[in-house]
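> Quick one: the structure is below, questions incoming.
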Amino acid sequence: MNSESAENTSMNAPVEQNDAPREESFAELLEKSSRKAVRFTPGQRIKTRVVGISGDIAFIDLGDKSEGAVNTAEFRDKDGNLQVKTGDEFDAFFVSVDNGIRKFTTLVHGYSAVSLRNIRDAFEAGLPVQGEIKREIKGGFEVLAGDVRCFCPFSQIDLKGGREGGVYLGSSFAFKVLEFEDYGKNIILSRRAILEKEKAEKVLQLKEALQVGMDVTGTVRSVMNFGAFVDLGGVDGLIPASELSWVRTERPSDILTAGQQVKVKILSIDWDNNKLSLSLKAMEPDPWTTIKGKYPEGSLVTGKIVRLAPFGAFVNLEPGIDGLIHISNLGAGRRINHPREIVETGQAIDAYVLSVDTESRKISLSINSRVEPEKIVLPEAGDILEGKVERVMQFGVFVKLSSGLTGLVPNSEMATAQGSDHKKMFPEGSDMKVAVLEVDRESKKVKLSRKAAMDIAVKKEYEEYITESRQGVSSSGSFGTLGDLLKAKMEEKK
């Protein structure tokens, strides 16, 4: 009895132990069959961990209580030692389904493809492989991906293509497998495809992050006559020439150079046309906020002509502050066709402040003080007047008269040799005696002549001489010789 009981017990025990696992496995299978497996797309990245290792396969957790497989060759060092264990976590990329097994790889960015099979998997999944540029050959470069020799055309090595082999030789990059033909005998790689994808991702990130009014840092990519292009990390923005500085400049290259890092403000964004407008001067204090009371109406200011326009001349009064002399305030009431008839770029000039509008950023100037037109006393033709040289132009000399009016002495009326340098002969501010030739009372335009003034002076001296000569004859009763008379006149002058 006891032996039978013991025998029965020993026979029954295994049955109970074997039944429980079979019942549990059936429950698990039932649960798995009722659950929908997660679908993966080629190249999809997941965060996973090793749940078991068997032979050449490392099984990984897919998060849906199912497993995927990674070839253990990807985890072995040069000596063949396995560098991964159960529980290790890493990123893996889905490749394909092979005989019902979902295959993954870790051979992306930072790893080297170790076999032809890995490169084929990467090609099928659209994943990049790591390769080293070994040498330059006809049409491109030989690239070693693991132990597999591949080819990268010149046009695919960079965004702009590159033939400078010395720049790339010995460097390792991530490549996209463009072609995998003849069982791996013809493998074409592209680094450009990787860079374009990275750039597109950066652009998407920037489109979400950038906003109007934001201050950003970038690198000057190129400087043109109309402004400068700045790389903001994948997207280019333009700083128009007018937004480079508060100080007016003719050449943007005087302010920026290619490769220079700058901090700018975003003025506008147009993603439809991929246009960003930037400002460098917005990062500096606005000079217009500090000029209140600095330029009272009627005050005399000094500046330099920085630009001429058909409607007037712009005068720089201080960095970032320009005033405008309207053409109607340039000719002292005279009608002129263009400011260049009166002034020239680069010329220093004194002007009176007519008005200041800080809101509109406008300062109106005039080269004459604000004398009411009806109070101006016009000279008469033939008058001999004293004045001061105001400015010297190619066509003549402007002389400011004591009445406040400015008249023009044409070169033909200067009584100087043709080709004379009037700027040296008659510096601004020097005295000049002139005769009034013509007066236009409607436009208050006055034409003057230094030559006529000199002729009148000579004529007057001659008349005085004749008068004195006659008086000498009357008192002496003799005319004397002409030489005696001239000698006497010369002695008087001494």
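The values are calculated or read from the model by the stated rules, or taken from the named source; none is laboratory data. Not measured: the values here are computed from a predicted model. FYI the Cβ positions are ideal-geometry reconstructions off the backbone, even for glycines, and counts take in every protein chain you see.
> Name the residue that is nearest to the chain's Cα centre (by Cα), counting only residues in the stretch 187-204 that are touching a residue at least 24 places away in the same chain (Cβ under 8 Å) and farther than 13 Å from Gln156 by Cβ.
Val203
> If Ala258 meets every condition in (1) among the small types (Gly, Ala, Ser); (2) assigned to a loop (DSSP other than H, G, I, E, B); (3) surrounded by 13 or more Cβ atoms within 10 Å (Cβ to Cβ) apart from one, which number is that one?
(3)
> While we're here: Just give me the residues in the stretch 347-391 being over 38 Å from the mean Cα position of the chain (by Cα), closer than 21 Å to Val301 by Cβ and modelled with pLDDT of 85 or more, in sequence order.
Residues satisfying the conditions are Lys388, Val389.
> Note down all Cβ pairs under 8 Å where the first residue falls in the stretch 153-178 and is over 11 Å from Gly131 (Cα atoms) and of a type in the set (Ser, Thr, Tyr), the second is modelled with pLDDT under 90 and surrounded by 15 or more Cβ atoms within 10 Å (Cβ to Cβ), and they're at least six residues apart or on different chains.
That search, which allows pairs on different chains as well, returns Tyr168/Gly162.
Residues checked against (1) in contact (Cβ under 8 Å) with a residue 12 or more places away in the chain; (2) among the charged types (D, E, K, R); (3) in a strand (DSSP E or B); (4) within 25 Å of Pro252 (Cβ to Cβ):
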residue	(1), (2), (3), (4)
Ala282	yes, no, no, yes
Gly298	yes, no, no, no
Thr302	yes, no, yes, no
Leu308	yes, no, yes, yes
Leu317	yes, no, yes, yes
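> If you don't mind, there's one more thing I want to ask. Look at Glu284 and say whether it is modelled with pLDDT under 90 and surrounded by fewer than 12 Cβ atoms within 10 Å (Cβ to Cβ).
Judged against the criteria, Glu284 is not a match.
> Here are the criteria: (1) farther than 18 Å from Gly407 by Cα; (2) over 30 Å from the mean Cα position of the chain (by Cα); (3) of a type in the set (Val, Ile, Thr). Tell me which single one Ile342 does not satisfy.
With (1) farther than 18 Å from Gly407 by Cα; (2) over 30 Å from the mean Cα position of the chain (by Cα); (3) of a type in the set (Val, Ile, Thr) applied to Ile342, the lone miss is (1).
> Here is a list: Lys85, Lys134. Which entry is modelled with pLDDT of 85 or more and in a strand (DSSP E or B)?
Lys134
> Let me confirm something: among Ser253, Ser268, which residue is part of a strand (DSSP E or B), among the small types (Gly, Ala, Ser), in contact with a strand residue (DSSP E or B) (Cβ under 8 Å, 6 or more places away or on another chain) and free of Cβ contacts under 8 Å to residues at least 60 places away in the same chain?
Result of the check over Ser253, Ser268: Ser268.
> Within the stretch 56-98, take every residue that is closer than 16 Å to Phe40 by Cβ and of a type in the set (Phe, Trp, Tyr) and give me the one that is farthest from the chain's Cα centre (by Cα).
Among those that are closer than 16 Å to Phe40 by Cβ and of a type in the set (Phe, Trp, Tyr), it is Phe59.
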